[in-house]
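Structure, as structure tokens:
The values are calculated or read from the model by the stated rules, or taken from the named source; none is laboratory data. Values in this document were obtained by computation on a predicted structure and should not be read as measured data. Here the Cβ positions follow ideal geometry from the backbone for every residue, glycine too, while neighbour counts run over all protein chains shown. Accessible surface areas use protein heavy atoms only, side chains included; no ligands, DNA or RNA. Shrake-Rupley method; radii C 1.70, N 1.55, O 1.52, S 1.80 Å.
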Amino acid sequence: MPAPSFPPLSPAALPDERDAQTFELRLERYGPDLLESLRAVYGNDLGDLPARLLEVLARNFRERPADLRRLDEARLLRPDWLQGPEMVGYVAYADRFAGTLAGVGERLDYLEGLGIRYLHLMPLLRPREGENDGGYAVADYRAVRPDLGTMDDLAALARGLRGRGISLVLDLVLNHVAREHEWAERARAGEEKYRAYFHISPDRTLPDLYERTLPEVFPDFAPGNFSYDEGAGGWVWTTFNAYQWDLNWGNPDVFLEFVDLILFLANRGVEVFRLDAIAFLWKRLGTDCQNQPEVHLLTRALRAAARVVAPAVAFKAEAIVSPRELLGYLGRGAHAGRVSDMAYHNSLMVQLWSSLASRDTRLFAEALWAFSPKPTSTTWGVYVRCHDDIGWAIADEDAARAGLSGAAHRHFLSDFYSGEFPGSFARGLVFQHNPQTGDRRISGTAASLAGLEAALEVGDAGRIDDAVRRLLLLHAVILGFGGVPLLYMGDELALLNDYEFADVPEHAADNRWVHRPRMDWDLAGRVSSEPHTPAGRVNAGLRHLLRVRRGLPHLHASVESWPLPSPDGRVLLLRRDHPLGVMVQVYNFSEQEVVLPAYELRGALGAEAVDALTGSRLHLERPTLRLEGYRALWLTQIG
């Protein structure tokens with residue numbers, strides 16, 4: 001059977017000749033990726049899908065605003081726009097940051113002053129009322145939460161951000177919709193077209209077969225993966241919560257709906273889509289229904305469709321999976337660089353906290369070695385903390401190579417960050433304890449987990465100093481690793497756990513809200529005039545790190561960071577081979593001074609190097625190098 005193709009474009013679809021030429025050139029470039037991926041997923045006979053898809057693409061292209069078309073052309077000329085060292089992200093809940101979307105617009109001076117170029121506003125599309133998984137149960141993708149504003153407000157905010165060189169990032173929940181979404185309502189009303197959008201079984205036969213190999217995401221409050229729905233007259237696949245209905249991506253109509261939704265939002269100014277729960281899209285009996293090959297093919301097809309209409313848009317995969325699986329979301333082999341443009345480096349975040357607790361970086365280095373090089377056109381999203389809990393994704397094989405038991409180390413980390421381990425500096429809460437597996441995830445702000453809350457409780461200046469140094473060390477690693485460092489709202493002010501979450505009924509059962517405090521604008525206004533307070537020190541130190549990063553081409557994300565053998569387990573060494581010269585980063589993960597043999601650095605950098613963080617020259621022909629507790633060095637070659 002011949003390869004599927006698009007029908008000829010009707011002159012009426014794009015009456016402007018230049019528009020039609022641009023559209024057709026992009027279709028020639030990205031159309032094969034799109035149709036080949038769809039054929040691999042849905043079979044050789046795509047029927048009228050190419051024709052319907054062409055209509056959606058042409059309509060959204062025609063409706064794309066002029067300023068966004070200009071951005072498209074600029075991004076085509078600079079395809080590495082996400083990879084430069086000036087690209088720094090900020091992640092916030094709009095309401096907790098500034099009340100409303102208009103309120104966010106009034107705080108752009110603050111973001112610009114930090115050097116932010118990428119603003120991720122957490123879920124803000126209209127969710128179901130009441131419990132909604134922090135906004136990830138979407139009832140309407142074409143509307144904004146009423147308390148935040150309107151879709152026009154979102155478009156206005158996007159314009160304001162764009163005028164300052166800041167890209168708007170939004171969550172796009174792909175795996176499921178709220179039970180109250182129109183598609184689900186119509187499915188419950190008996191419309192066969194919409195019942196086919198979901199996985200609905202009349203009895204437990206098929207669900208029971210699937211459950212044999214399916215893990216539970218929320219064992220505490222949402223056990224199992226199927227929920228009986230009286231209105232639907234059957235068991236609905238609900239991986240996360242009973243009110244979140246998994247979509248049937250085996251139905252091409254679902255794919256077409258999401259192409260239209262992505263382009264609708266892109267035309268309102270969204271520049272990066274965080275593809276939420278992407279690993280779960282494809283269901284296959286006998287598997288854990290995660291990371292299936294069709295997931296990557298569907299993402300590649302969605303990206304190709306977006307490239308035709310809105311090439312300024314990028315995709316970020318929210319795939320919290322093993323290193324072995326993660327590279328598939330950026331593309332392997334013929335798909336390299338053609339799936340998502342960015343993925344979360346969750347392992348980096350886990351290893352940061354692991355090394356901080358153990359004062360040992362050997363596991364960190366082993367975990368990094370487990371990663372294959374990513375496509376050079378893609379980038380990592382790297383972070384100290386995010387809105388979610390910390391799951392201890394420590395691979396048993398990595399732990400074994402570092403001389404550890406994976407299970408025992410995961411147990412230690414849960415004990416340490418919940419404050420149960422003797423001598424722990426952390427103040428965290430256990431999230432989703434699973435007695436069967438022993439899994440205990442952790443909630444808490446970066447500052448509370450790093451020891452600042454405990455230190456302030458006793459007023460110990462030395463412990464406060466250590467906590468501040470830990471926070472700056474963690475941020476130095478993510479800012480130096482290469483990728484888009486994502487600053488979580490309030491971390492620049494060292495905000496502590498917010499225990500008042502328990503007083504809010506819809507938050508009380510989910511202790512992840514402890515690390516989702518409201519922005520303290522009073523503190524933000526005082527911090528520069530209070531340089532000796534913990535918040536002032538963290539803020540000034542972070543701003544210094546950001547300034548240095550912006551001036552270092554060595555931190556372009558196309559270059560990989562690789563661990564070097566470290567002569568001392570407390571110290572992590574990372575090497576980056578940039579055309580301008582080698583860069584070696586040195587991080588002491590202990591509070592103790594370390595005397596480090598200089599031979600490893602001398603072998604990489606030569607007799608002298610410059611520490612970009614201080615501007616000082618280091619003479620590496622000396623036998624040793626002294627590192628203060630929690631010290632970071634960014635060393636570059638001279639000449």
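Residues that are over 26 Å from the mean Cα position of the chain (by Cα) and more than 27 Å from ASP466 (Cα to Cα) were ranked within segment 573-599; the one that is surrounded by the fewest Cβ atoms within 10 Å (Cβ to Cβ) is PRO579. Restricting attention to segment 405-449, the residues that are closer than 16 Å to TRP392 by Cα and either of a type in the set (A, V, I, L, M) or outside any loop (DSSP other than H, G, I, E, B) (or both) add up to 26. Checked against (1) without any contact (Cβ under 8 Å) to a residue 12 or more places away in the chain; (2) surrounded by fewer than 17 Cβ atoms within 10 Å (Cβ to Cβ); (3) of a type outside the set (S, T, N, Q), ASP415 meets all criteria but (2). Checked against the criterion of being touching a helix residue (DSSP H, G or I) at 6+ places or on another chain (Cβ under 6 Å) and open to solvent by 50 Å² or more (accessible area, probe 1.4 Å), segment 381-397 contains one or more residues that satisfy it. Number of residues in segment 179-225 that are within 30 Å of PRO435 (Cα to Cα), open to solvent by 60 Å² or more (accessible area, probe 1.4 Å), within 33 Å of the chain's Cα centre (by Cα) and acidic (Asp, Glu) equals 3.
Taking segment 249-279 as the range and being touching a strand residue (DSSP E or B) at 6+ places or on another chain (Cβ under 7 Å) and farther than 23 Å from LEU157 by Cβ as the test, the residues that pass are VAL254, ALA277, ILE278. Which residues, counting only those in segment 190-205, are farther than 23 Å from PRO123 by Cα and touching a residue at least 12 places away in the same chain (Cβ under 8 Å)? Once the filter is applied, which keeps residues that are farther than 23 Å from PRO123 by Cα and touching a residue at least 12 places away in the same chain (Cβ under 8 Å), segment 190-205 yields LYS193, ARG195, ALA196, HIS199, ILE200, SER201, PRO202, ASP203, ARG204.
Conditions tested, residue by residue: (1) more than 12 Å from the chain's Cα centre (by Cα); (2) within 27 Å of TRP513 (Cα to Cα); (3) of a type in the set (Val, Ile, Thr).
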| position | (1), (2), (3) |
| --- | --- |
| ARG324 | yes, no, no |
| GLY333 | yes, no, no |
| HIS345 | no, yes, no |
| TRP353 | yes, yes, no |
| SER358 | yes, yes, no |
| LEU368 | yes, no, no |
| VAL384 | no, yes, yes |
| ILE390 | yes, yes, yes |
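The helices (runs of 4 or more DSSP H) found entirely in segment 1-97 that carry 1 or more residues being in contact with a Lys or Arg (Cβ under 8 Å, 6 or more places away or on another chain), open to solvent by 20 Å² or more (accessible area, probe 1.4 Å) and within 30 Å of ASN251 (Cα to Cα) are 17-42.
All of ALA524, ALA494 fail the test of being at positive phi and either of a type in the set (A, V, I, L, M) or open to solvent by less than 30 Å² (accessible area, probe 1.4 Å) (or both), apart from ALA494. All of (1) crowded, with 24+ Cβ neighbours inside 10 Å; (2) touching an Asp or Glu at 6+ places or on another chain (Cβ under 9 Å); (3) assigned to a loop (DSSP other than H, G, I, E, B); (4) of a type outside the set (A, V, I, L, M, F, W, C) hold for SER377 with one exception: (1). Restricting segment 122-154 to residues that are under 21 Å from the mean Cα position of the chain (by Cα) and assigned to a loop (DSSP other than H, G, I, E, B), which is farthest from ARG179 (Cα to Cα)? Looking at residues that are under 21 Å from the mean Cα position of the chain (by Cα) and assigned to a loop (DSSP other than H, G, I, E, B), I get MET122.
Filter segment 324-344 down to residues that are among the hydrophobic types (A, V, I, L, M, F, W, C), part of a helix (DSSP H, G or I) and touching a residue at least 24 places away in the same chain (Cβ under 8 Å) and give me whichever is surrounded by the fewest Cβ atoms within 10 Å (Cβ to Cβ). Looking at the filtered set, the residue picked out is LEU327.
Here PRO311 meets each of (1) at pLDDT below 95; (2) more than 30 Å from LEU449 (Cβ to Cβ); (3) open to solvent by less than 30 Å² (accessible area, probe 1.4 Å); (4) not acidic (Asp, Glu) with one exception, condition (1). Condition (residue is open to solvent by 20 Å² or more (accessible area, probe 1.4 Å) and either farther than 28 Å from VAL91 by Cβ or touching a strand residue (DSSP E or B) at 6+ places or on another chain (Cβ under 9 Å) (or both)) applied to segment 444-458: is it met by at least one residue? Yes, there is a match, as at least one residue in segment 444-458 is open to solvent by 20 Å² or more (accessible area, probe 1.4 Å) and either farther than 28 Å from VAL91 by Cβ or touching a strand residue (DSSP E or B) at 6+ places or on another chain (Cβ under 9 Å) (or both). Evaluated against (1) farther than 20 Å from SER354 by Cβ; (2) open to solvent by 30 Å² or more (accessible area, probe 1.4 Å); (3) modelled with pLDDT of 95 or more, THR636 falls short on exactly one condition, (2).
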